[in-house]
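**Student:** First the structure, then my questions, so here it is.
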Amino acid sequence: MSEITLYNHDLDENCYRVRLMLSFLGIAHEIVAIDMVPGHEEKGPAMRALNPLGSLPILKDGDLVLYGTQAILAHLSRAHNAAGVWLPLEPATFSRVMQWTFFSATALACAIEARRVAVFGTAGDLEALTREARQALRIMDDHMVLRHIEGFEWFAADTPTIADLSLLPSFALSRDYGIDHDEFPALRRWLRRFRILPGFRTMPGIPDYH
Amino acid sequence: MSSEAAWVPVALSASIEPGTSAGAVVEGAELVVWRDAKGVAHVWEDRCPHRGMRMSFGFVRGDHIACLYHGWSYDTAGQCRHIPAHPDLDVPKTIKIATYAVEEAGGVIWTRLATAAQAADPLPTMGTNLPVRSLYADCSAAHALAILKQTQLPVGKDETYPARLQVVTPHAWTLEAGALSLSIAVQVIGPQKIGLHILADEGSVDLIAALARWAQALRLALEAPVTVAEVA
């Protein structure tokens, strides 16, 4: 029995964020498949006992039960990687990592919602969500234009961090909700570099080939 | 509108790395821009003849690009060479993607949406080759021209200078301010959508970050609601 259990749905992008982290860090774990679509199992009483918000992913690490994608990423990158390379603690770097990691939970919430509407048929105003998501992706592209000019390939440090990891799926999956990659050359460049990191894995909607 | 003989930009050269592809739209026409492993850039119609999938979603292997759906693979002439589901098939010559003329000059990939037989306009010369960035904005090219006529460019630390705008061709504009020369290769995507591929002269390498920030602010100006007075 593995210490770590991920309550997962394969088509959910937040679960993908955690699967990516587990893969990059090479952490042994068990997966419990949750019937999110169409069953809404994550909203049932058994799952709400683990996460009262009724959402995925949920991570169990020994006695610790965590929900909230970004919290899980932070936990894994500090508790299961001695060097903590995905969440550096040098103060200025740490703050930048936090800013962009929170961006994935706030400014990109519309992108995650847009994809749910487009892929799962969840109720929502796809046009408004997509418009908002495009603005968030532009902010990311603008940032990476400047980072590249300054000689860096990653959002917050000179190596990839949980900021890159938490932002990336919204761009990699943007065609799912109707936003093409044409207008974001700096994000295309970043995605290509992210894809070749050892341990990278895809999910449905992100091509295996590139 | 551009004539079919005109050279139109589709990307900054630096944005299309060897072995990669991207989509680009010129006046509604969907194109794939890709660079083979040898570094040669190609611009084609963005459609696999098999199922209509966009080739820009595909992947480059050596001097071929393959469709993401079923792996149909095309050589640099747009000719299909390999169909994975029928590996022994001698692929018919009719399975071919329309290709367009490509020239790379001054850090820009230019194409011409004309048949080979039509005479080409000369390539615009702009005298710059340091990429600043590609900027995409929801406005017309005419509106962008009007805004750029009044722009101030960064010419030093916290110093800006009014820029002189020159229209070399409908798709190549230059801006000059002090010692700084900037050029803009203008991609008309649709009536209210443009791509501005911005480059600076080699002497302005220290200004690139400031120019990228200028471009970011320019997009806000380009997309700001137009007042009634301006329309009239």
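The values are calculated or read from the model by the stated rules, or taken from the named source; none is laboratory data. Since we're looking at a predicted model, the values are computed, not measured. Don't worry about glycine lacking a Cβ; one is built from the backbone with ideal geometry, like all the others, and counts go over all protein chains shown. Note: accessible area is taken over every heavy atom of the protein model, side chains too, but ligands, DNA and RNA are not part of it. Shrake-Rupley method; radii C 1.70, N 1.55, O 1.52, S 1.80 Å.
**Student:** Could you go through segment A:86-95 in sequence order and give the Karplus-derived ³J(HN,Hα) for each residue, using 6.51 cos²θ - 1.76 cosθ + 1.60 with θ = phi - 60°, rounded to whole Hz, and x for Gly and Pro?
**Tutor:** Working through the residues one at a time gives 7, 9, x, 9, 4, x, 5, 5, 4, 5 Hz.
**Student:** A further question follows. I'd like the distance separating the alpha-carbon centroids of segment B:99-161 and segment A:49-63, in whole Å.
**Tutor:** Segment B:99-161 and segment A:49-63 have Cα centres separated by 52 Å.
**Student:** How big is the Kirkwood radius of chain B, worked out from every pair of different alpha carbons and given in Å to one decimal?
**Tutor:** Evaluated over chain B, this radius sits at 18.9 Å.
**Student:** Using amide H atoms built 1.01 Å from N in the peptide plane, name the residues 5+ places from B:L68, or on other chains, whose amide H lies under 5 Å from its own.
**Tutor:** Answer set, sorted by chain and number: B:G58, B:F59.
**Student:** Could I ask something else about it? Report relative contact order for chain B in percent, whole number only (criteria: Cα-Cα under 8 Å, sequence separation at least 6).
**Tutor:** The value is 18 percent.
**Student:** Which net charge results when you count Lys and Arg as +1 and Asp and Glu as -1 among the other residues whose beta-carbon is under 13 Å from that of A:D125?
**Tutor:** -1
**Student:** Over the C-alpha atoms of segment A:84-141, what are the Rg and the largest Cα-to-Cα span, Dmax, in Å?
**Tutor:** 14.4, 43
**Student:** Then there is this: Rounded to a whole number, what is D in µm²/s for segment B:8-112 from Stokes-Einstein with the Kirkwood radius over alpha-carbon pairs (4 °C, 1.567 mPa s)?
**Tutor:** Roughly 95 µm²/s, to the nearest whole number.
**Student:** Let me ask something else. For segment A:97-204, which trypsin sites (Lys or Arg not before Pro) are in a loop by DSSP, counting at most 14 other Cβ atoms within 10 Å?
**Tutor:** A:R201
**Student:** On each of the three principal axes of the Cα atoms of segment A:91-195, give max minus min coordinate, whole Å, ordered largest first.
**Tutor:** Principal axes ranked by extent give 40, 28, 21 Å for the Cα atoms.
**Student:** Continuing with the same structure: Hey, what do the phi angles of segment B:85-93 turn into as Karplus ³J(HN,Hα) couplings, whole Hz, using 6.51/-1.76/1.60 and θ = phi - 60°, x for Gly and Pro?
**Tutor:** 6, 10, x, 8, 6, 7, 5, x, 5
**Student:** A further question on this structure: Going highest first, how would you order B:38-47, A:77-86 by mean Cβ packing within 10 Å?
**Tutor:** Descending mean neighbour count gives B:38-47, A:77-86.
**Student:** Also, I was wondering about something else. How would A:M21, A:M98 rank on accessible area, largest to smallest, probe 1.4 Å?
**Tutor:** A:M98, A:M21
**Student:** Counting other Cβ atoms within 10 Å of each Cβ, which chymotrypsin sites (Phe, Trp or Tyr not before Pro) in segment B:50-92 have at most 12 and sit in a DSSP loop?
**Tutor:** Passing both the DSSP loop test and the Cβ count: no residue.
**Student:** Now for a separate question. Extent of segment B:130-231 along each principal axis, from alpha carbon coordinates, in Å, largest to smallest?
**Tutor:** Cα extents, longest axis first: 37, 25, 21 Å.
**Student:** How crowded by other chains is A:139-150, given as the mean number of beta carbons from other chains within 10 Å of each beta carbon?
**Tutor:** 4
**Student:** Would you calculate a helix-derived [θ] at 222 nm for chain A, using -39,500 (n - 2.57) for each DSSP H run of n ≥ 4 and dividing by the full residue count, to the nearest 500?
**Tutor:** Rounded to the nearest 500, it is -14000 deg cm²/dmol.
**Student:** Nearest 10 degrees, 0 to 90: what angle lies between the long axis of helix B:208-223 and the longest principal axis of chain B (Cα atoms)?
**Tutor:** 90
**Student:** For the protein assembly as shown, divide the Cα radius of gyration by the Kirkwood radius and give the resulting Rg/Rh value with two decimals.
**Tutor:** Answer for the protein assembly as shown: 1.00.
**Student:** Also: Using Cα pairs under 8 angstrom and six or more residues apart, how large is the relative contact order of segment A:4-79, in percent?
**Tutor:** So the answer I get is 37 percent.
**Student:** Here is a further query. May I have the convex hull volume per residue, in Å³, for the Cα set of chain A?
**Tutor:** Each residue corresponds to 123 Å³ of Cα convex hull volume.
**Student:** Give me the distance between the Cα centres of segment B:4-72 and segment B:168-232, rounded to whole Å.
**Tutor:** Result: 25 Å between the Cα centres.
**Student:** Right, here's the next one. In peptide A:171-178, how many Cβ atoms from other protein chains are near each Cβ within 10 Å, on average?
**Tutor:** 0
**Student:** Search the structure for amide H atoms under 5 Å from the amide H of B:T160, placed 1.01 Å from N in the peptide plane, and list their residues when 5 or more places away or on another chain.
**Tutor:** Amide H to amide H, under 5 Å and 5 or more residues apart or across chains, B:T160 pairs with B:V155.
**Student:** Need one number: convex hull volume per residue for segment A:4-79, Cα atoms only, in Å³.
**Tutor:** 78
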